[in-house]
Amino acid sequence: MHKYCTSCGNKVYETFRICPSCGGQSFSSDLQVQTTVPSPPRVPLSLNSPMASHIPGFVAAGNWARLFAYVIDVVGFILVGVIFASVLGISIRWSTPSVDINSLKALGNLSAWVVLVLYFTIFHSSKLQATPGKLAAGLRIVTLDGKSVSFARAFARSLLTIGVSFLGVVVMALLLWVFSYGQRSPAPFNITLAVLCGFVTWYAPYLMLFFNKDRQTLFDRICRTRVIKR
């Protein structure tokens, strides 16, 4: 005669004490055995998951919202950078009247770039998870698994952002120098071309926003971050 395992429903000989299929030790002679089907393991959702878009906290920021945040941040960090550079320049000029004015300008420009890097780094790695611009637009920045951005990751992202911006300025200045070489001043067309090339270099990493569903820029891809709605 045969009997049935109550765990998996496998048909075994009556002399069996252990089910060879599942190792169960409970048997029944009834054919209608209720078997237990193990449920699939729960996989935690991340920002890379196809179902993540259905979670309100993981909704990618829209392009217009990011543009709005960017404009506010541009105004914000220009004000902060100019104020910091001005205060630093006045302090040095006051304490050292004989300082070279060109050296003072170079120091002011360098300090402004440093302030810009710290501006994004401190705000992105803070509890706010956002700059003032992102706060105004209702956005925040997180890692791909939804966690807060560390100071090191925020610093790397800020350095890349400001570095590309600085590269755009360098490209524009270099082209203006090339176009004006041997002339008093470059032609209006050459000036327009140099400015356009500088802006393309500056904003090219942001164009990736339009070509991926996660709305990630080049900086987000490299640093594995995302800007999402709050």
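Overview of values
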{"read-out": "Residue check for Pro50: under 20 Å from the mean Cα position of the chain (by Cα), at pLDDT below 75, over 23 Å from Ala154 (Cα atoms) and of a type outside the set (D, E, K, R)", "value": "yes"}
{"read-out": "Unique residue being part of a helix (DSSP H, G or I), surrounded by 13 or more Cβ atoms within 10 Å (Cβ to Cβ) and either touching a residue at least 40 places away in the same chain (Cβ under 8 Å) or not hydroxyl-bearing (Ser, Thr, Tyr) (or both) when the list is Ala173, Ala130, Ala152, Ala194", "value": "Ala194"}
{"read-out": "Val74 under 30 Å from Phe210 (Cβ atoms), β-branched (Val, Ile, Thr) and either under 23 Å from the mean Cα position of the chain (by Cα) or open to solvent by 30 Å² or more (accessible area, probe 1.4 Å) (or both)", "value": "yes"}
{"read-out": "Enumeration of residues in segment 1-26 that are more than 52 Å from the chain's Cα centre (by Cα) and at pLDDT 70 or above", "value": "Lys3, Tyr4, Cys5, Thr6, Asn10, Lys11, Ile18, Cys19, Gln25, Ser26"}
{"read-out": "Exclusive hit being within 29 Å of Ser158 (Cα to Cα), in a helix (DSSP H, G or I) and at pLDDT 75 or above, set Leu104, Leu79", "value": "Leu79"}
{"read-out": "For Arg140: the one exception among (1) open to solvent by less than 60 Å² (accessible area, probe 1.4 Å); (2) modelled with pLDDT under 90", "value": "(2)"}
{"read-out": "All positions within segment 85-127 that are open to solvent by less than 30 Å² (accessible area, probe 1.4 Å), within 20 Å of the chain's Cα centre (by Cα) and not polar (S, T, N, Q)", "value": "Val115, Leu116, Val117, Tyr119, Phe120, His124"}
{"read-out": "Unmet requirement for Arg140, which otherwise passes all of (1) more than 23 Å from the chain's Cα centre (by Cα); (2) touching a residue at least 60 places away in the same chain (Cβ under 8 Å)", "value": "(1)"}
{"read-out": "Of residues in segment 61-71 being within 18 Å of Asp220 (Cβ to Cβ) and assigned to a helix (DSSP H, G or I), the one nearest to the chain's Cα centre (by Cα)", "value": "Arg66"}
{"read-out": "Which numbered condition Val178 fails, given (1) assigned to a helix (DSSP H, G or I); (2) closer than 24 Å to Val59 by Cβ", "value": "(2)"}
{"read-out": "Selection status of Leu209, under 16 Å from Ala61 (Cβ atoms) and of a type outside the set (Gly, Ala, Ser)", "value": "yes"}
{"read-out": "Filter pass, Phe179 being without any contact (Cβ under 8 Å) to a residue 24 or more places away in the chain, open to solvent by 40 Å² or more (accessible area, probe 1.4 Å) and touching a helix residue (DSSP H, G or I) at 6+ places or on another chain (Cβ under 7 Å)", "value": "yes"}
{"read-out": "Hits in segment 197-230 - residues which are within 12 Å of the chain's Cα centre (by Cα), assigned to a helix (DSSP H, G or I) and surrounded by fewer than 16 Cβ atoms within 10 Å (Cβ to Cβ)", "value": "Arg221, Ile222"}
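The values are calculated or read from the model by the stated rules, or taken from the named source; none is laboratory data. Please read all numbers here as calculations on a predicted model, not as lab measurements. Don't worry about glycine lacking a Cβ; one is built from the backbone with ideal geometry, like all the others, and counts go over all protein chains shown. In case anyone asks, the SASA skips ligands and DNA or RNA and just uses the protein heavy atoms, side chains included. Shrake-Rupley method; radii C 1.70, N 1.55, O 1.52, S 1.80 Å.
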